[in-house]
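What follows is one structure encoded as structure tokens, with my remarks underneath.
The values are calculated or read from the model by the stated rules, or taken from the named source; none is laboratory data. Since this is a predicted model, take the numbers as computed values, not measurements. Neighbour counts run over all protein chains shown; Cβ positions are idealised from the backbone, glycine included. For the accessible areas, the whole protein counts, side chains as well, though only heavy atoms, and no ligand, DNA or RNA atoms are used. Shrake-Rupley method; radii C 1.70, N 1.55, O 1.52, S 1.80 Å.
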Amino acid sequence: MKNSKQLLTTILTLTATALLTACGSSNTAGSSDFSSRVTDTTTSTTKSVAYCNQRSANDITAKVKAYTDSSNYVRMDYVYARLTSLPATFKSDSSYISMWKWLANSNGNTQLDNTPLQFIIVHPTTGQALTGWMTTMRWSDVATVASALGVTDPQTFFSAVNILVNLKDTQGEYDVLKVTNYDSSSNKALNALDLLLPAFYANPADYAYETNGSARAGVLKTLHPFANYLNQGYSTSQFVSMANNYCF
């Protein structure tokens, strides 16, 4: 668990202030796909970035928060997640959750990485690992851990703890985190939620275009948390403030 210990040491150095003042990213755009997570620093006007996101769909609500290293640079290979609303089947321990990542190019073609993501639950204050790394999670897998913290309700537990997801995506080529709930008996998908991985442009008008100026894929634009506020008179600073409200 040497790598896990090193990672948790890094977690302990992070603060909300560092997260929201991060000034760059450690990745570059892929040659065949202009990732929605790559900020454009080549223009004369720097576009403001959202470091946190939230979305609800199909009885699942999740928040995500950008991961920063000890130098306060956004890293694309990890992301924090928090599940603030869960399906009844998960709470009753008759289903389990796995996470995935997918991308879309400017032509609208999508590509799902069919390798499930590894994730670990960490204490939100101390950064202590509460579980080992896993790719599937049932309530019964973590109920003992929750009980040790004095929590017996699944929703209370997952609304409080952080999930550190290993995206294995150092170049930031993937755009979306998919949270999927599966029936424990049939392994059939019951519910799924897609949400944009930070960091991304806070203003949906800025997000609508790739870094090369071409239109971004429509499937990604509709996932922007403020897509419905486009052309409604909101300023970029307001969008940044709204995104900050999703941070945890």
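Looking at 115, 39 in this structure, which one is among the β-branched types (Val, Ile, Thr), modelled with pLDDT under 95 and farther than 18 Å from residue 155 by Cβ?
39
Kindly provide the set of residues from region 135-149 that are outside any helix (DSSP H, G or I) and either in contact with a helix residue (DSSP H, G or I) (Cβ under 6 Å, 6 or more places away or on another chain) or open to solvent by less than 70 Å² (accessible area, probe 1.4 Å) (or both), ordered by number.
135, 136, 137
Considering only residues that are out of contact with any helix residue (DSSP H, G or I) (no Cβ under 8 Å at 6 or more places or on another chain) and either open to solvent by less than 40 Å² (accessible area, probe 1.4 Å) or aromatic (Phe, Trp, Tyr) (or both), which ones fall in region 179-190? Walk me through it before giving the result.
Applying the first criterion (out of contact with any helix residue (DSSP H, G or I) (no Cβ under 8 Å at 6 or more places or on another chain)) to region 179-190 yields 179-180, 182, 184-189.
Across region 179-190, the qualifying residues are 179, 180, 182, 184.
Listed here are the residues, each with its yes/no results for (1) modelled with pLDDT under 95; (2) within 14 Å of residue 99 (Cα to Cα); (3) of a type in the set (Ser, Thr, Tyr).
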| position | (1), (2), (3) |
| --- | --- |
| 124 | yes, no, no |
| 141 | no, no, no |
| 147 | no, no, yes |
| 168 | no, yes, no |
| 172 | yes, no, no |
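For region 155-175, give me the residue count where each residue is within 18 Å of residue 93 (Cβ to Cβ) and either surrounded by fewer than 17 Cβ atoms within 10 Å (Cβ to Cβ) or touching a Ser or Thr at 6+ places or on another chain (Cβ under 9 Å) (or both).
4
Of the conditions (1) touching a helix residue (DSSP H, G or I) at 6+ places or on another chain (Cβ under 8 Å); (2) farther than 22 Å from residue 223 by Cβ; (3) not β-branched (Val, Ile, Thr), residue 94 clears all except one; give me its number.
With respect to (1) touching a helix residue (DSSP H, G or I) at 6+ places or on another chain (Cβ under 8 Å); (2) farther than 22 Å from residue 223 by Cβ; (3) not β-branched (Val, Ile, Thr), residue 94 is out only on (1).
Among the residues of region 59-103, which ones are among the basic types (Lys, Arg) and modelled with pLDDT of 95 or more?
63, 65, 82, 91, 101 - these are the residues of region 59-103 that are among the basic types (Lys, Arg) and modelled with pLDDT of 95 or more.
(1) outside any strand (DSSP E or B); (2) among the aromatic types (Phe, Trp, Tyr); (3) over 17 Å from the mean Cα position of the chain (by Cα): which one isn't true of residue 182, the others all being true?
(1)
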